[in-house]
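This report refers to the structure that appears directly beneath it.
The values are calculated or read from the model by the stated rules, or taken from the named source; none is laboratory data. Please read all numbers here as calculations on a predicted model, not as lab measurements. Methodologically, a virtual Cβ is constructed for each residue, glycine included, from the backbone with ideal geometry; neighbour enumeration extends over all protein chains shown.
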Amino acid sequence: MKKLKNWPLALQIWTVFTLVIVVIFVLLSLYFSMTIRSFFTDEIYRAIETAQKNNLQKASGKAAPNEETSVGEVNNDIREVKHVRLSYVNDEADLTKIQKIIPDKSTAELFLKKLKSQAKNQTNITARYIERTGSGRILYVVRVNGNKKGNFMVSYMWDTYRNSLVSSLVKRIFTVMIIALIISLIAAKYLAQRLVTPLRELRNKVQKIGKKQWHEEINVARADEIGELSASIEEMRKELINQDEYEQTMLQQASHDLKTPLMVIRSYVKAVEDGIYPKGDLESTMKVIDSEAERMQKRIKNLLYLTKINYMAKHQDELSETHIKDLVVRVVDSFMYNEKNIKFQLDLWNIKIRGEEEQWAVVLENIIDNGLRYAKSIIKIKTYEDAEAYYISIYNDGEEIPNDKLEQIFRTFKKDKGGNFGLGLDIGKRIVNMYGGDIRAQNEDIGVSFIVTLKKS
């Protein structure tokens, strides 16, 4: 079986079908051989008993007109039932009769002795027996004559007829099985072809996908497991295309986004080297350089973290938990003193959510950082739970987001009206999704809320 799995699928199917048919054929041959042989043996004994009864009726003159030819009317027929009348005392005459059945004298004497012993010992009027001789087997019935004590009748038939019937039926069964085997192999070839052809097509297309030639749609018009496999590969193909487009976009946007602050830094540095201060004095000019360097550092940090998320998703610790109240307080402390003097209002429940503390800190930092860019005076953070989930709500009183942009703000490199790319929100959404949660933005009467939902396990 270990070698079989390395064979081509079509050959495996043909081999299995052939083995099944052969095993069935052998079992049926054995079964029919034993069953048919037993059946015809019983039928032969019945024929012998019927012929014996008719013979006695004929001898007594009580036979019906059609009973005289019911059995054994054709001489030398292998189906003919013959009768021998024997006596316990007349050994010489009886031996002559037995020698007509078994020519060998010594064998005939032994058989005659056995017949007389069987007749004396049997308790019923008739009994069935079988005798194996050099010429074959004899099936016979011994009838004890109750009226004439010492006499009995032996009716017999050679088993040649039975063997002939069994042999004929087995040959016919063999012929049928051969036909069945041929039909099964044709069906197996057809089935193998239907299975192998789409699988080969899928293999060729998957090989193309491996070479990034994935713009050809995969569509196998089947509703079985092969169709399901085709649909799964098609989903994978689309996801790989999206991932490739995402990577290309990320590289292009990242290079463009990093190029601007780098150009500013280089131009300001050259100006300072020439004794020129674009912002009027050295201190103001250096602040711009530092601000652009910090902006570039933050962008690189987010890009690196974005590439780590796929790895973290595969190696996350399902058993880790985070005390969200303590984490929110610590993260807010790092934003407490900000340039816009935005105030923070906290309403925190003491709840624990699953996931690494460092990753949840990134989620909170990115959402709060985004809120600080738009908030006018306050950011409200609330954590709570119900019977189904935990919730983290981060509100800012800035301008509302257009309804058609509520989902787009979480997409990578989606610019806001200030020209900032949405790396932070995309990272936050990916981390939340990694733990089976969801994040959404919704407009309030005044301001915008970002709500993280994490279902209880």
When restricted to E201, E247, E234, the only residue closer than 30 Å to L303 by Cβ and either assigned to a helix (DSSP H, G or I) or modelled with pLDDT of 85 or more (or both) is E247
The correct count of residues that are closer than 19 Å to T50 by Cα and either without any contact (Cβ under 8 Å) to a residue 24 or more places away in the chain or among the hydroxyl-bearing types (S, T, Y) (or both) in region 108-129 is 5
For region 201-215, pairs from a residue that is farther than 17 Å from N242 by Cβ to a residue that is in a helix (DSSP H, G or I) and of a type in the set (V, I, T), with Cβ under 9 Å and 6 or more apart or across chains, are L202/I226; L202/I233; K205/I233; V206/I233
**Prompt:** Does V144 meet the test of being more than 45 Å from the chain's Cα centre (by Cα), surrounded by 11 or more Cβ atoms within 10 Å (Cβ to Cβ), within 30 Å of S29 (Cα to Cα) and not charged (D, E, K, R)?
**Reply:** no
I289 fails exactly one of (1) loosely packed, with under 14 Cβ neighbours inside 10 Å; (2) assigned to a helix (DSSP H, G or I), namely (1)
Restricting region 100-133 to residues that are among the β-branched types (V, I, T) and touching a helix residue (DSSP H, G or I) at 6+ places or on another chain (Cβ under 8 Å), the one surrounded by the fewest Cβ atoms within 10 Å (Cβ to Cβ) turns out to be T133
Among S164, S184, the single one that is surrounded by 13 or more Cβ atoms within 10 Å (Cβ to Cβ), at pLDDT below 80, in contact with a Ser or Thr (Cβ under 9 Å, 6 or more places away or on another chain) and among the polar types (S, T, N, Q) is S184
When every residue in region 204-218 that is among the basic types (K, R) and part of a helix (DSSP H, G or I) is compared, the one nearest to L11 (Cα to Cα) is K205
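Output the residues belonging to region 40-69 that are small (G, A, S) and either in contact with a Leu (Cβ under 7 Å, 6 or more places away or on another chain) or at pLDDT 80 or above (or both).
A47, A51
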Can you find a residue in region 274-285 that is surrounded by 13 or more Cβ atoms within 10 Å (Cβ to Cβ), hydrophobic (A, V, I, L, M, F, W, C) and assigned to a helix (DSSP H, G or I)? no
Exactly one of Y268, Y305 is at pLDDT below 75, surrounded by 14 or more Cβ atoms within 10 Å (Cβ to Cβ) and of a type outside the set (A, V, I, L, M), and that one is Y305
Reported set for region 355-364 where residues are in contact (Cβ under 8 Å) with a residue 40 or more places away in the chain and of a type outside the set (A, V, I, L, M) is G355, E356, Q359, W360
Scanning region 357-389 for residues that are of a type in the set (S, T, Y) and touching an Asp or Glu at 6+ places or on another chain (Cβ under 7 Å), the one surrounded by the most Cβ atoms within 10 Å (Cβ to Cβ) turns out to be Y374
The lone condition R143 fails out of (1) modelled with pLDDT of 90 or more; (2) touching an Asp or Glu at 6+ places or on another chain (Cβ under 7 Å) is (2)
Over region 367-385, the set of residues of a type in the set (S, T, N, Q) and modelled with pLDDT of 90 or more is S377, T383
